[in-house]
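Single-structure report; data block below.
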Amino acid sequence: MKTVRRMLYRDVVSSVAFVALAFLSLSFFIDFVDELQKIGRPGFTLWMAVAGATLELPGNLYELLPIAVLIGTIYSMARLAQSSEFTILRTGGLSPLRALRLLALLGLVFSALTFAIGEYVVPFTERQTVLFKAALSGGRKLGSTGAWLKERRVSDQGERSYSVNVAGIDSRGTLVGIRIFEFDAEGRHLSRIIARQGRVGADSTWTLTDADVTTWPMGSDPSRDTVTRQTLPTLRWPSTLSAGVVSAAVLPLKTMSAVELWRYSEHLSDQEQASQRHRIQFWKKALYPLACLVLTALALPFAYLHARAGGISLKVFGGIMLGISFVLLNNVVGHIGLLRGWTPWLVAAMPSTLFMLLSLAAFGWLVRYR
């Protein structure tokens, strides 16, 4: 059995590696051509285009690895079936259940690899990509309205709520265009801070530069019956908004790991902000590696197709169509779940569950009738 496992795993892994390399080469070429359009801008060179396309590779590998696993496994299974090697293995005692168990173990290995890439490698490279592009373009704008964060505190003066707006980040990763609005428990506007730029320290304290502070009167308080305004070169603003929360708000979702997505979604819920989008993204990121296990199981029925049921190229084409349909379903269900307010974990698990049922149904039918 060890010989069968070694032969099967070697064949599948080499096929998956070849398909993944082909996909990565194609994606690198597309990203490189896209970056070439920027040559001619001040300071942008050919090597910067190569660096920008290279930084995209881990993210592309993470997204394409399940499809590469599906196509590579289908190719390997179809080739073994066409050469009658799989028939010989079945004659030698390789039962359908044992074959499914062997591929399931290999699928778990691919799932672990996908999880490691998505959780540790992709967030780092995506952050470097954002900072790299921000350095080339002089900063990163966060749309016309910027990024908004909320914070609630309870002190001796009562409950206070803060709405923080960040316009963007500069080429060094510093926050720019910061506005902080303070309200009391009744919703009265108490103060406003406008700062040119700022940074968040390890203790969640914000260090603001060129801060303009405006304070409004607080009703019956005689000491604050007039509007006051002062300009400070540096202002330290204590907060509970940590650097991780701020990064999650100003950077794309692709730069966040599953743990960071969960923490940020909890922060949004605590501040009574919409967290559905981030919860769905968390569950999709947590369950996405299991797609390798599902798609590996989906490839096994191709080994039980007779050689005359189509050549290898036709079966590989079928695998490509299945991979495209999986990606399409995964994206469409995510958007529909966000619009309809479906349960986040159910939205993330639906595509993999449907394809797992499809693979088991096809596997059972082929084993019984073919």
Checklist entry - Using the Cα gyration tensor of region 274-370, with a ≥ b ≥ c the square roots of its eigenvalues, what is the shape: rounded (a/c below 1.5), prolate (a/b larger than b/c) or oblate (neither)? => result prolate
Checklist entry - So for 262, 206, what's the accessible-area order with a 1.4 Å probe, most first? => result 262, 206
Next on the checklist: Under the 0.36 nm per residue contour assumption, what length would be gained going from the current alpha-carbon distance of residue 272 and residue 243 to full extension?
Outcome noted: 8.4 nm
Item to check | Shape metrics for region 64-191, restricted to C-alpha atoms - Rg then Dmax, Å | outcome: 27.5, 81
Checklist entry - Do you know the relative contact order of region 116-220, to the nearest whole percent, from alpha carbon pairs under 8 angstrom that are 6+ apart? => result 17 percent
Next on the checklist: Quick check: the angle from helix 312-340's long axis to the longest principal axis of the chain, C-alpha only, nearest 10 degrees?
Outcome noted: 30 degrees
Checklist entry - Under a straight-distance cross-link criterion of Cα-Cα below 20 Å, which lysines are reachable from residue 150, leaving out those fewer than 8 residues away in the same chain? => result 141
Item to check | Helix-only CD estimate at 222 nm, as mean residue ellipticity for the chain, using -39500 (n - 2.57) per DSSP H run (n ≥ 4) | outcome: -19500 deg cm²/dmol
Item to check | Once exposed loop GluC sites (Glu not before Pro) are cut out (DSSP; at most 11 other Cβ, 10 Å), longest piece of the chain | outcome: 1-185
Checklist outcome for this item: Rounded to the nearest 10, the angle in degrees between the Cα long axis of helix 2-36 and the longest principal axis of the Cα atoms of the chain comes to 50 degrees
Checklist outcome for this item: Between residue 216 and residue 357, the FRET efficiency computed from the C-beta separation at R0 = 51 Å comes out, to the nearest 0.05, as 0.25
Checklist entry - So, with a 1.4 angstrom probe, what is the percent of accessible area on the chain that is carbon and sulfur? => result 62 percent
Item to check | Spin-label proximity, residue 152 to region 250-272 - amide N less than 19 Å from point 7 Å beyond Cα toward beta carbon | outcome: 263-272
Item to check | Rh (Kirkwood; distinct C-alpha pairs) - region 20-68, Å | outcome: 11.2 Å
Checklist entry - Mean projection of the alpha-carbon convex hull of region 315-370 over all orientations, in nm²? => result 4.4 nm²
Checklist entry - Distance in nm between label sites at residue 365 and residue 9, each 7 Å beyond Cα in the beta-carbon direction? => result 3.3 nm
Checklist outcome for this item: Shape descriptor, region 148-278: equivalent ellipsoid semi-axes (Cα gyration tensor, sqrt 5λ, whole Å, largest first) stand at 27, 19, 11
Checklist entry - What's the local net charge at residue 150, with K and R +1, D and E -1, over the other residues with C-beta under 10 Å away? => result -2
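Rank these by accessible area, largest first, 1.4 Å probe: 241, 105, 36.
Correct descending sequence by accessible area is 105, 36, 241.
What Kirkwood Rh does region 139-186 have if only Cα atoms enter the pairwise 1/r average? Answer in Å.
11.9 Å
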Checklist entry - Rounded to the nearest whole Å², what accessible area per residue is found for the chain with the 1.4 Å probe? => result 52 Å²
Checklist entry - Quick one: if you take sqrt(5λ) for each eigenvalue of the C-alpha gyration tensor of the chain, what semi-axes come out, biggest first, whole angstrom? => result 53, 24, 15
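The values are calculated or read from the model by the stated rules, or taken from the named source; none is laboratory data. Note that the structure is predicted; figures quoted are calculated from it, not measured. All Cβ positions, glycine included, derive from the backbone under ideal geometry; neighbour counts span all protein chains shown. All accessible areas refer to the heavy atoms of the entire protein, side chains included, with ligands and DNA or RNA removed. Shrake-Rupley method; radii C 1.70, N 1.55, O 1.52, S 1.80 Å.
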